[in-house]
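The values are calculated or read from the model by the stated rules, or taken from the named source; none is laboratory data. These numbers were taken from a predicted model, which means no experiment stands behind them. Here the Cβ positions follow ideal geometry from the backbone for every residue, glycine too, while neighbour counts run over all protein chains shown.
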């Protein structure tokens, strides 16, 4: 695997939580490189435009994790299971889109890389996980610990973890902004916008077409961007409850408590999405504001890819006896 391909995969894996819709709904999706993955209750379809202009798709059945493992029907646990499945599916969609992107007719056949094997994803995935823990767990904790020695007022648990959270959010925002300046990532953010528009179009009950989808907003309340922001806000009071002052113990518990924060954040997002005028909807609003970075208005050909992905997922859903009905 070339360094450029490795970096491309690493960047996309880092963005998976931002790009995906982490909730078991009628339809949801995720942006990938030069394409979109759309998911119905029991199927999914990835549609990608290859460098030569050809559209390729991959459709497969997909059981909800709450149906195969009953524990993930329970509150909090369902958030953990849903995010795990969304990330797993995202890796599959990412591999498919990367293989399509590498199939460039302008590159001589003898110089093409060929398909990336599944095991080759492990390197960028492991590197992404380590980078996530380093950037969002280790670095903020280290900086606040150092600052507390200079400014003793920061030693109190509430102020310590508030500062820790502010630093974490600052790193996250800086990371997103820097990535948004990259051409490849900006195009993926446009596909992210296309996915949101098509989901809104479907949820409206109108016929799903490019023209109809383009009328809708790119900002969706169930976006992974909102989910991550809520996680970072929720982490502040949760970490304040950690009854240890030792650096290593704080770091370990931050990692151990991550699944719990994921599960509770899922419940908050789920509640806020159904009650748009509630206090929790107001609390989650900054996540929608962040979508000004992570979603961009798509071109018609990008919206067409999202429509094609939804059509593929719905066709497979129908062939399995499923029927999508808007409540």
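Might you let me know whether region 114-134 holds any residue that is exposed (fewer than 14 other Cβ atoms within 10 Å of the Cβ), modelled with pLDDT under 90 and in a loop (DSSP other than H, G, I, E, B)? Yes, some residue in region 114-134 is exposed (fewer than 14 other Cβ atoms within 10 Å of the Cβ), modelled with pLDDT under 90 and in a loop (DSSP other than H, G, I, E, B). Looking at 82, 57, which is the one that is under 21 Å from the mean Cα position of the chain (by Cα), modelled with pLDDT of 90 or more and not in a loop (DSSP other than H, G, I, E, B)? Within the list 82, 57, the selection yields 57. Assess whether residue 152 counts as being closer than 30 Å to residue 241 by Cα and either surrounded by fewer than 17 Cβ atoms within 10 Å (Cβ to Cβ) or at pLDDT 90 or above (or both). For residue 152, the condition - closer than 30 Å to residue 241 by Cα and either surrounded by fewer than 17 Cβ atoms within 10 Å (Cβ to Cβ) or at pLDDT 90 or above (or both) - is met. No other residue among 202, 271, 244 is out of contact with any strand residue (DSSP E or B) (no Cβ under 6 Å at 6 or more places or on another chain), crowded, with 16+ Cβ neighbours inside 10 Å and either without any contact (Cβ under 8 Å) to a residue 60 or more places away in the chain or not in a loop (DSSP other than H, G, I, E, B) (or both) apart from 202.
Would you mind stating whether residue 47 is within 25 Å of residue 298 (Cβ to Cβ), at pLDDT below 90 and touching a helix residue (DSSP H, G or I) at 6+ places or on another chain (Cβ under 9 Å)?
No: the conditions fail for residue 47.
So that you can scan it fast, the table gives a plain yes or no per residue for (1) within 15 Å of the chain's Cα centre (by Cα); (2) under 27 Å from residue 132 (Cα atoms):
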residue	(1), (2)
183	no, yes
189	yes, yes
208	no, no
213	no, no
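Among the residues of region 205-241, the ones that are without any contact (Cβ under 8 Å) to a residue 60 or more places away in the chain, part of a helix (DSSP H, G or I) and closer than 30 Å to residue 27 by Cβ come to 5 in all.
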